[in-house]
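Trainee: Here you go, one structure.
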Amino acid sequence: MTKRKIILDCDPGHDDAVAIMMAARHPAIELLGMTIVAGNQTLQKNVRNALNICQHLDLDVKVYAGCDRPLVVEERHAGDIHGQTGLDGPVFQPLIRKTEDKHAVLYIIDELIHADEKITVVAIGPLTNIAMAIRLQPAIIEKIDQLVIMGGSITDGNVTPAAEFNIYADREAARIVFNSGLDIVMCGLDVTRKAACTQQVIDSMAALNNKAGYLFRDMLEVYNRNQNRVFGITAGPLHDPVTIAWLIDSSVLTLKECYVDIETAGYSYGRTNCDFYWKAKKANNARVAVDIDVDRFWQIIRECLSLY
Ligand code: RIB
Ligand code: CA
């Protein structure tokens, strides 16, 4: 099996943490490096969470700190869902792991520019690092085979009625990325909300009786309590792992080509307007996930966690 080389840009975050666990161990993926962006919590907290996950699970992955705020708008976090630490729930040993000295944006550029073959970039937080890298060195665009993102929504949002968090948190960065000509796979709320993590799923992961299963339980029980308080649901959507699940088995998602425009004004600021019927007379710039095989998704998650 040829491994898919990826760079994972994230803002851990409970669901980011599961995506990290999947990408770091599945045989179909070679995780070249992990870049961190401000989003769910401050950059500093997200970096700490990424290092804690890598140290706790003994992951041999280099971590790079990236942009600590959006390109234009004020920082916005999701502490109501991910807690004050950004990863409330698990208790980790004293942190020894450190980040690399290089800034994440410079790492992304260097990794791509010097690569012998194209690399997949997976972005599961606000797109600030990706937009900065594109602007600083446009030549990286031809070195990226696909940009797979968790973000956006064909229908309604989760941070405003119109906008999903990752896009809303840095909508100017999202506009740069969606207008870049990259081959984008957009995994939005339309499919990630169907990946609802029930207590039964949590129990089945804990029953693996390994570090990954216990970490999954310790994270997701807190995540679900917060989701219940904010949205009144008992099974929180496991958003970010949908991207990695698609890389492992593309049959898990149904994709549809369309033109996606990022709303950058008015009350719908940050909305991903998905034009499937060529109304804007613009060329398609993304493949948007319109359905998910939920049973296969949970099978993939369990497959990954059983590798620890
Ligand atoms: O809207 C869900 C997205 O926002 C996920 O990536 C979650 O981690 C948060 O960053
Ligand atoms: Ca995220």
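The values are calculated or read from the model by the stated rules, or taken from the named source; none is laboratory data. Every value quoted in this text rests on a predicted model; they were computed, and no experiment measured them. Every residue, glycine among them, receives a Cβ derived from its backbone with ideal geometry; neighbour counts consider all protein chains shown. Note: accessible area is taken over every heavy atom of the protein model, side chains too, but ligands, DNA and RNA are not part of it. Shrake-Rupley method; radii C 1.70, N 1.55, O 1.52, S 1.80 Å.
Trainee: Looking at I134, I130, I108, I141, which is the one that is under 19 Å from S180 (Cα atoms) and within 16 Å of ligand 1 (Cβ to nearest atom)?
Mentor: Exactly one residue qualifies, and that residue is I130.
Trainee: With respect to I233, determine if the residue is touching a helix residue (DSSP H, G or I) at 6+ places or on another chain (Cβ under 8 Å), assigned to a helix (DSSP H, G or I) and of a type in the set (A, V, I, L, M).
Mentor: Taking the combined requirement at face value, the residue does not satisfy it.
Trainee: Going through N46, N52 one at a time, which residue ends up being polar (S, T, N, Q), at pLDDT 95 or above and within 22 Å of I167 (Cβ to Cβ)?
Mentor: None of the others qualify; the one that does is N46.
Trainee: For region 27-60: of the residues being within 25 Å of K118 (Cα to Cα), open to solvent by 10 Å² or more (accessible area, probe 1.4 Å) and in contact with a helix residue (DSSP H, G or I) (Cβ under 7 Å, 6 or more places away or on another chain), which is nearest to ligand 2 (Cβ to nearest atom)?
Mentor: Residue satisfying both the conditions and the ranking: L31.
Trainee: Can you name the residue in region 236-250 that is more than 12 Å from the chain's Cα centre (by Cα) and outside any helix (DSSP H, G or I) and is also farthest from ligand 1 (Cβ to nearest atom) among such residues?
Mentor: So, considering only residues that are more than 12 Å from the chain's Cα centre (by Cα) and outside any helix (DSSP H, G or I), the one farthest from ligand 1 (Cβ to nearest atom) is D249.
Trainee: So, one more: State whether the residues of region 128-145 include one that is polar (S, T, N, Q) and in contact with a Ser or Thr (Cβ under 8 Å, 6 or more places away or on another chain).
Mentor: Yes - at least one qualifying residue is present in region 128-145.
Trainee: Take the conditions of a type outside the set (G, A, S) and within 16 Å of ligand 1 (Cβ to nearest atom) and apply them to K194. Does it pass?
Mentor: yes
Trainee: Six or more apart or on different chains, Cβ atoms under 6 Å: show the pairs whose first residue is in region 251-276 and in a loop (DSSP other than H, G, I, E, B) and whose second is among the aromatic types (F, W, Y).
Mentor: Pairs found: E263/Y269; G270/Y168.
Trainee: If you take the residues in region 197-223 that are hydroxyl-bearing (S, T, Y) and either under 21 Å from the mean Cα position of the chain (by Cα) or closer than 17 Å to D240 by Cα (or both), which one is surrounded by the fewest Cβ atoms within 10 Å (Cβ to Cβ)?
Mentor: By that ranking, first place goes to T198.
Trainee: Identify all residues within region 90-132 that are open to solvent by less than 50 Å² (accessible area, probe 1.4 Å), part of a loop (DSSP other than H, G, I, E, B) and of a type in the set (A, V, I, L, M); write none if there are none.
Mentor: L95, A115, I124, L127
Trainee: With respect to the numbered conditions (1) on the phi > 0 side of the Ramachandran plot; (2) of a type outside the set (G, A, S); (3) in contact (Cβ under 8 Å) with a residue 40 or more places away in the chain, which one is the sole condition not fulfilled by N209?
Mentor: Here N209 clears every test but (3).
Trainee: Which one is nearest to the chain's Cα centre (by Cα) among residues in region 272-295 that are surrounded by 15 or more Cβ atoms within 10 Å (Cβ to Cβ) and among the charged types (D, E, K, R)?
Mentor: It comes out as R287.
Trainee: Scan region 172-183 for residues that are open to solvent by 10 Å² or more (accessible area, probe 1.4 Å) and within 13 Å of ligand 1 (Cβ to nearest atom) and report the count.
Mentor: 0
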